[in-house]
């Protein structure tokens, strides 16, 4: 029979490692996160969920870091004063305020606390690790290696059902809650693993391992039938082309704003054209690609539209403060219209949340919550472009490209899904962002050429 005190030796080892070898514990956290299993998957909870062992580790690292900060001020002021860190602090402060005004205070408190341990363990602590390029690479390999084990398990399970597209949704269990989260993680690491192949300071064995992981992840994301993951990689490749052509972010932003304005002006005609597409996701790879724009019969796409519409209606009722962090799934049901409900609609918040990292905060934290997320997207994108063009060392530039493109796959994914309330995607997202900030602060930049005055 299992007794909780049987875990005491493991807990003591973790506590010892946290105190005397914190860096190793952070690497272990990266490795165990893809393999972590939630209490609900283990059948141990119907209410509050927790991912084991990753989330208790994150909470422990956060508490240890706060204790060390209070006793000896270990945080680098340059890192704290970086604009990305400032944006994160602003976001957390607004989350705290909207938690106090939440319609479900206890739910919002739990959401805020989990966001705190995600950020402390995956972002705030990282300058002590990512100042070394070697440590950055090893940390990313820890997560990718563990993700590869999940891929092997998933492919083995999927093969039992002849790689059926419907089975792809749940064969990732118990490690990921559905194929979209699994696809998002794969998409983030595909550009990064490819970048490692071209970093010559890495041993040839690790570069070969990175190439193998890249091929494995590409194969896995095809089998995942995660259309948002495919779309995010297409956008990442487009961004890579702009980097090769050395196009400035300002030019791209102006282009996107222009295209957005044209879409708004001709939205009726565009939606009529999309409505003619009735290709269903069933029937193979090509059908899945064509069904991405099907908003007439595809249940998954229609349910996203339903959730987004609910989020907007919820925001209209509470435009400034929102309903409170983490409350969408408990409050959206009355905002569903019978004409927008689908065969997979529910009143219980299952099958995902608001399906958007942008509309979710809009409903839960009001217009300010959305603005903070959008500003973070724009500044992170601007930072990525700046680093690619300014970092002096070629190998660090390659690393930046891998991290930046991986991060952008999630920002694109965020238009269709939201997973930053889970450990599986929070760890790579915040650590990729931390790595870019560390490169901005601690790595050499190209010297700007000063024009000499004309000699007379």
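We did not get these values from a lab; they are worked out from the coordinates using the rules stated. All values reported here derive from a predicted model rather than from experimental measurement. We place every Cβ from the backbone using ideal geometry, glycine too, and count neighbours over all the protein chains shown.
Where a ≥ b ≥ c are the square roots of the eigenvalues of the C-alpha gyration tensor, would you call segment 173-240 rounded, which needs a/c under 1.5, or, failing that, prolate if a/b is larger than b/c, or oblate? It is oblate, given that a/c is not under 1.5 and a/b is not larger than b/c. The overall shape of segment 126-269 is oblate: from the C-alpha gyration tensor, with semi-axes ordered a ≥ b ≥ c, the ratio a/c is 1.5 or greater and a/b is no larger than b/c.
By the count of neighbouring beta-carbon atoms within 10 Å, fewest first, 257, 151, 388 end up ordered 257, 388, 151. Put in order of Cβ neighbour count within 10 Å, fewest first, the listed residues 393, 55 become 393, 55.
A full extension of the chain between residue 173 and residue 344 corresponds to an added length of 59.6 nm, given 0.36 nm per residue minus the alpha carbon distance. Once the C-beta distance of residue 234 and residue 67 is scaled by a Förster radius of 60 Å, the resulting FRET efficiency is 0.85 to the nearest 0.05.
Once the Cβ-Cβ distance between residue 110 and residue 152 is put in as r, and R0 is 51 Å, what FRET efficiency do you end up with, to the nearest 0.05? My answer for the efficiency is 0.95.
Exposure proxy for 176, 358: other Cβ atoms within 10 Å of each Cβ, ordered fewest to most, give 358, 176.
Shape class of segment 46-171 from the Cα gyration tensor (axes a ≥ b ≥ c, square roots of the eigenvalues): oblate, since a/c reaches 1.5 or more and a/b does not exceed b/c.
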